[in-house]
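Chemist: Just passing along the structure, written as structure tokens.
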Amino acid sequence: MSLVQKIIKRYPEGRHKSALLPILHVAQAEFGGWLSPETMDYVASILNIKPIEVYEVASFYSMYNLQPVGKCVLEVCQTGPCWLRGSDDIIQYISNKLGIQPGETSADGMFTLKVVECLASCGSAPMMQVGNNFIENLSVEKMDDVLKKLRETHNVPSPDYGSPYPVNKA
Amino acid sequence: MATLYIDNKPYEVKAGKNLLETCLGLGLDLPYFCWHPSLGSVGACRQCAIKVFKDETDTRGRIVMACMEPVADKQRISIAHPDAVEFRANVIESLMTNHPHDCAVCDEGGSCHLQDMTVMSGHNYRRFRYNKRTFQNQDLGPFINHEMNRCITCYRCVRFYRDYAGGRDLNAFASRSNVYFGREEDGPLESEFSGNLAEICPTGVFTDKTLKEHYTRKWDLTMAPSVCQHCSLGCNTIAGERYGELRMIANRYNGEVNGYFLCDRGRFGYEFTNSDLRIRQPFISKFPVTKQQVLAEVATDIKKGKVIGIGSPRASLQSNFALKQLVGADRFFHGVSDNDHNIADLIVKILKEGPIRVASMHDVQQADAVLILGEDLTNTAPMLALAVRQAVKQQPMKKLAKANIPAWHDAAAKELLQDEKGPLFIASINTTKLDDVATATYHAAPDDIARFGFAIASCLDRSVPSVSNLPGELQSLAQRIADALSNAERPVIISGASSQTQSVIRAAANVAWALHKKNKNTGLAYTLAECNSMGLALMGGHRLNSAFDAVMNGHADTVIVMENDLYRHGKAADVDAFLNKAKKVIVFDHIVHRTVEKAHVVLPAGAFSESDGIVVNNEGRAQRYFQVYECHEPIQESWRWIVDISKFENNVGMGWEHFEGLTRTIAEAEPLLRDINRVSPPASYRIAGQKIPREPHRYSGRTAMLANINVSEPKPPVDPDSPLSYTMEGYKGLPPSSAIPFFWTPGWNSVQSVNKYQEEIGGSLKGGDPGIRLIEPNLKSTLSYFTELPEPFVPMKDHLWTVPLFHIFGSEELSVLGDAVAKRAPQHYIMINALDAAEQKLSENQELAFDVEGQLYRLPVKISTTLPKGLAGLPYGLPGLPNVELPAWLIYKK
């Protein structure tokens, strides 16, 4: 909460709505990696704005999850350069391998697959983001390995779900 | 002026505008979606692409969005350049990828901007072969239907709803091709202006739900220019009929009055004309009779009896005058409470004898400082509230010129101004929906509001009597308001009849007059109770209580009540006594109400859609509404009944037969109404020898629609009262501005075709905006300030000073009889302050029994923290709630 207050203080009086984006990141990290309607209503009450004003912002950005997610969220880039380098195949492979469509979570609650737009790492296409890390130069052959490794490193939910505002769990 | 070369042809155009509106204003076709003259440009949809060239030698040019580019002198542009054409075709193709192509079952079909633009851009073959995105729709309440799949994401809905009309509950969600416009959950749209979404939306996402109940394509409607009947502003409407019932109300542009929009009461209130409560035949002692029988009965009554006539503020000048002529001027009474009568007279006096020109709604929109005294505009004159909402943007907009940003550049203007608001001050009884944009508000009893107004006037001009013992903070607020008004270029003062207190109206006049001494551009506007309150006040007639006295004292025994429920204007006990004492009560009306139930003779009058008439709005603007369709026998206008009665009685008639003769007679007899002859073209008016058709040339089913009754097609009715014909035959070009039955030009089937009817985009209609202003100020006025300063309001023990509270949906008599509006009307209640509630140990919704002026009530309590202590608010005019003249003291009953 002190982090939230610190973020709000960054903005001038009467413009506290500007703190919405960072606070949603904090909230997402705090409440299990996704934003439930209750979480969003809570954020609205902190900023003293209408819930609908939070919904419109949260639904716009692909960084906010409006459904529960698995322990490890795979955000595969599908914009031009990655697509040219075979991101379609990567997505298809993960889909088949885990039995989930983009936007879904695997039955064991381990992986969530998301397709996202450019993450500014076109030089190492195709790539994906997992939490705060990029996994680059992907290929279908490498995917089994990558997933296996992720299954080990992310067996506990990541404490911040990729939030740029890391939450320290005592 | 600037010279603009479009496709190598020179045009003289106004500098400063954008290229899109300039091209449209020249009558050229250029497709667009996200731009709207009231909303400005954001350059989002990319549909209005054109080519701009450096000079004559430049052959390549560059593509720009016409809506984002200002006109420059000697500029060379091309609409027809193949690159621009191809660009636009590609844009519309991508906008259409997710569109369901369900025109055949879409309510918008036939009056759809998307259809028009698609055809105009030449996209006629679909190449996108993937799945379309689909959405779930929401229930948005009784007015608006939601069908999100049709959306092309132009964002006009939220830009109108949020930025223009101040609504908070319609938003854009998600991104990319999943953008969704809706509420956070199902439920009625809260804004009072939600109906405009049906016209703002270029496709069929938001459509008129009441039209859906009895759907008809635009091209199959018989339409006529009409005037809204549901408040005193007189917004211009188009009314559409099929199969003998009114099916739709749409906006009819009038640059001085309502512009592009209507409020929901005006748009959806028409349903009362199809209500089960309509009177469709004459009755004598509750038994249906024929026209001949009723004429004989009434003619005899009039011959034998001592007759008086009671007019109505919701009937036309024609009907009121005809009654006045029938019974004689000294036996004609205004059917409004004496308080309303006095208030209307006072307002007319202020506007006629004072030096200030009445502010039209357009003037209010342009005002850069506004003071509202005693009115809850959103509920009493909704479109004026919308105008005020635009006025608060005026002062900050001055910064735009300095930053070299044109006013139409909405995106840049928003960025620079950051929601900054100009001065708006509201002194009202309770909170209003405009409070969110107000600089400061003051909630008080009507007399305190008046005192506050006097104090502001006195700050502006020391010769206005000052107000002693005003609390210090109020005095400084008054000074602050006086300063803000003095610093403005075009300040406007708004007040009106709804506080039912003359001192408030006087205070507003004092402020405006004091300001006028410093600034000749000061505006003043008053709202009145009903659509023709002003017309009635200009016509002259006696007070309602004198009518009661005349019957009670035996000076009269036969009463003709015209289009008026006396129970809304007098105390129930008085009206009861009056109607019981009268030997004969004859009522003309189109709808059943308590007065009709007490009548001996009832004559079915035409509703506004079945009548020709002129009403005068709060600005003093006389405007005509035309009959949309022939009434079903024996329904006819009240004034036509009167001429029939007079002919039956003595075979002489009234000296006039039709609308025109009657109007001429009024102009001759009533000095204040002498200009009403000029309101509309005469019935003999023809363009190229042709009448103006009420039906679009694509009207279908004329031969078939009545074939179940008679296989031979009936002869179309003849209209003796106007230059409009009841068929699709007639002149196809632009009619005179006061007689536009619908907007249509080749290639433009939707309401956006209005562009082609205007002098310049967003300006007046070609030939001038309709309506004749009857009230001009007296510039040499020597009127001195009002000095009657009321005493401060002092709460009384065990009493509450009861004031009327108005509701856009519910307080107006006719609109609330329609299903859609009725669904939005509030339950009965009595509102009191939390402190008073605590004193009386009352909790929310607990029943409170009380007495106002001898009228007993038992109503659930609504507790408010904003209604001042010592006051009670009684909702005005809700169906079933007894009327009592307010403000008055309420006494608790144990």
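The numbers here are math on the coordinates, done by the rules we state, and not lab data. All figures in this text were calculated on a predicted structure; none of them were measured in a lab. FYI the Cβ positions are ideal-geometry reconstructions off the backbone, even for glycines, and counts take in every protein chain you see.
Chemist: How far is the Cα center of the stretch B:229-297 from the Cα center of the stretch B:388-444, in Å?
Modeler: If you average the Cα positions of each part, the centres end up 36 Å apart.
Chemist: Sticking with this structure for a sec: So how tilted is helix A:20-30 from the main axis of chain A? Cα-based, degrees 0 to 90, rounded to 10.
Modeler: 60
Chemist: What fraction of the DSSP beta bridges in the protein assembly as shown is antiparallel, stated in percent and rounded to the nearest 5?
Modeler: Around 55 percent of the beta bridges assigned by DSSP in the protein assembly as shown are antiparallel ones.
Chemist: On to the next question. Structure shown: which of B:324/B:517; B:14/B:402; B:74/B:518; B:598/B:862; B:349/B:398 lie over 32 Å apart, alpha-carbon to alpha-carbon?
Modeler: With Cα atoms farther than 32 Å apart: B:324/B:517; B:74/B:518; B:598/B:862; B:349/B:398.
Chemist: Here's a follow-up. Just add up the charged neighbours of residue B:636: K/R +1, D/E -1, any other residue whose Cβ is under 11 Å from the Cβ of residue B:636.
Modeler: With Lys, Arg at +1 and Asp, Glu at -1, the net is -4.
Chemist: Okay, next question. Binning at 10 Å from 0, report for the protein assembly as shown what percent of all alpha-carbon pair distances ends up in each bin.
Modeler: Computed distribution, short to long bins: 2, 9, 17, 21, 20, 14, 9, 5, 2, 1, 0.
Chemist: What nm value, rounded to one decimal, do you get for the distance between residue B:329 and residue B:855 when each label is placed 7 Å out toward the C-beta?
Modeler: Result for the modelled spin labels: 3.3 nm.
Chemist: First measure r as the distance between the Cβ atoms of residue B:5 and residue B:119, then evaluate 1/(1 + (r/R0)^6) with R0 = 22 Å and state the FRET efficiency to the nearest 0.05.
Modeler: 0.25
Chemist: Which value, in debye to the nearest 20, describes the size of the charge dipole of the protein assembly as shown about its Cα centre when Lys and Arg Cβ atoms bear +1, Asp and Glu Cβ atoms bear -1, and nothing else is charged?
Modeler: Using Cβ point charges on Lys, Arg, Asp and Glu, the protein assembly as shown gives about 1180 debye.
Chemist: Can you pull the semi-axes for chain A, root of five times each eigenvalue of the Cα gyration tensor, sorted largest first, whole Å?
Modeler: Those come to 31, 17, 14 Å.
Chemist: Summing +1 for each Lys or Arg and -1 for each Asp or Glu, what net charge is found among the other residues whose Cβ lies under 15 Å from the Cβ of residue B:219?
Modeler: +1
Chemist: In the stretch B:414-573, with Lys and Arg counted as +1 and Asp and Glu as -1 at Cβ, which of these residues, B:456, B:570, B:496, has the Cα nearest the positive end of the dipole, that is, farthest along it?
Modeler: The residue sitting farthest along the positive end of the dipole is B:456.
Chemist: Given labels modelled 7 Å from the Cα in the Cβ direction, how far is it in nm from residue B:834 to residue A:110?
Modeler: So the two model labels end up 5.6 nm from each other.
Chemist: Same structure again: Would you calculate a helix-derived [θ] at 222 nm for the protein assembly as shown, using -39,500 (n - 2.57) for each DSSP H run of n ≥ 4 and dividing by the full residue count, to the nearest 500?
Modeler: -8500 deg cm²/dmol
Chemist: Averaging sequence separations of C-alpha pairs under 8 Å and six or more residues apart, then dividing by the length of chain B, give the relative contact order as a whole percent.
Modeler: With pairs under 8 Å counted, the relative contact order is 15 percent.
Chemist: Take the eigenvalues of the Cα gyration tensor for the stretch A:3-60, scale each by 5, and report the square roots as semi-axes in whole Å, largest first.
Modeler: 17, 13, 9
Chemist: Charges on Cβ only, +1 for Lys and Arg, -1 for Asp and Glu, centred on the Cα centroid of the stretch B:743-808; of B:748, B:787, B:803, which one is farthest towards the dipole's positive end?
Modeler: With unit charges placed on the Cβ atoms, the residue in question is B:748.
Chemist: What spacing in nm lies between the two simple spin-label points modelled at residue B:440 and residue B:796, each 7 Å away from Cα in the Cβ direction?
Modeler: 3.2
Chemist: Can you give the charge dipole size of chain B about its Cα centre, rounded to the nearest 20 debye, using +1 on the beta carbon of Lys and Arg and -1 on the beta carbon of Asp and Glu?
Modeler: The calculated dipole for chain B is roughly 1280 debye.
Chemist: Next question, about the same structure. Relative to the present Cα-Cα distance, how much length would full extension add between residue B:734 and residue B:55 at 0.36 nm per residue of separation?
Modeler: Computed gain between residue B:734 and residue B:55 is 240.8 nm.
Chemist: How long is the gain from residue B:705 to residue B:468 if the chain were fully straight, where each residue apart is worth 0.36 nm and the alpha carbon distance is subtracted?
Modeler: Extending this stretch completely gives an extra 78.1 nm.
Chemist: Among A:2, B:53, A:35, whose Cα lies farthest out toward the positive end of the dipole of the protein assembly as shown, if unit charges sit on the beta carbon of Lys, Arg (+1) and Asp, Glu (-1)?
Modeler: Among A:2, B:53, A:35, the one farthest towards the positive end of the dipole of the protein assembly as shown is B:53.
Chemist: If you don't mind, there's one more thing I want to ask. In terms of Cα to Cα distance under 19 Å, which lysines are near enough to residue B:218, apart from those fewer than 8 places away along the same chain?
Modeler: Candidates past the 8-residue exclusion: B:209, B:732, B:756.
Chemist: Report, ordered by chain and residue number, the lysines lying within cross-link reach of residue B:869, taken as a straight Cα distance under 23 Å and ignoring same-chain residues fewer than 8 apart.
Modeler: Partners found: B:433, B:797, B:841, B:893, B:894.
Chemist: Another one. Dipole of the stretch B:2-95, Cα-centred, from +1 at each Lys and Arg C-beta and -1 at each Asp and Glu C-beta, to the nearest 20 debye?
Modeler: 140
Chemist: Quote to one decimal, in nm, the extra length available between residue B:549 and residue B:14 on full extension: 0.36 nm per residue of separation minus the C-alpha distance between them.
Modeler: Contour length minus the Cα-Cα distance gives 186.3 nm.
Chemist: Also, quick follow-up: May I ask you to list the residues of the stretch B:412-447 whose amide nitrogen lies under 14 Å from a point 7 Å from Cα along the Cα→beta-carbon direction of residue B:487?
Modeler: Output list for this probe position: B:421-425, B:439-440.
Chemist: While we're looking at this one, here's another question. So for chain A, averaging the separation of alpha carbon pairs under 8 Å that are six or more residues apart and normalising by length, what relative contact order in percent results?
Modeler: Value for chain A: 23 percent.
Chemist: On a C-alpha basis, how far is the centre of the stretch B:307-341 from the centre of the stretch B:834-862 in Å? Whole number, if you could?
Modeler: Between the Cα centres of the stretch B:307-341 and the stretch B:834-862 lies a distance of 37 Å.
Chemist: In addition: Given a Förster radius of 25 Å and the C-beta distance between residue B:176 and residue A:13 as r, what FRET efficiency does 1/(1 + (r/R0)^6) yield to the nearest 0.05?
Modeler: 0.15
Chemist: Further question on the same structure: Any aspartates and glutamates with Cα under 14 Å of the residue B:780 Cα? List them, leaving off those in the same chain fewer than 8 positions away.
Modeler: B:353
Chemist: Something else about it: Rg(Cα) of the stretch B:650-808 divided by 2.2 N^0.38 Å?
Modeler: Rounded to two decimals, the normalised Rg is 1.64.
Chemist: If r is the Cβ-Cβ distance from residue B:841 to residue B:881 and R0 is 30 Å, what FRET efficiency results, to the nearest 0.05?
Modeler: After rounding to 0.05, the efficiency reads 0.75.
Chemist: Normalised by the residues of the stretch B:2-95, what does the relative contact order come to in percent, with Cα pairs under 8 Å and at least six apart?
Modeler: It rounds to 36 percent for the stretch B:2-95.
Chemist: Using only Cα atoms, locate the centre of the stretch B:1-58 and the centre of the stretch A:31-46, then give the distance between them in Å, rounded to an integer.
Modeler: Result: 46 Å between the Cα centres.
Chemist: When a/c reaches 1.5 or more, the comparison of a/b and b/c decides; with that in mind, is chain B rounded, prolate or oblate per its Cα gyration tensor?
Modeler: oblate
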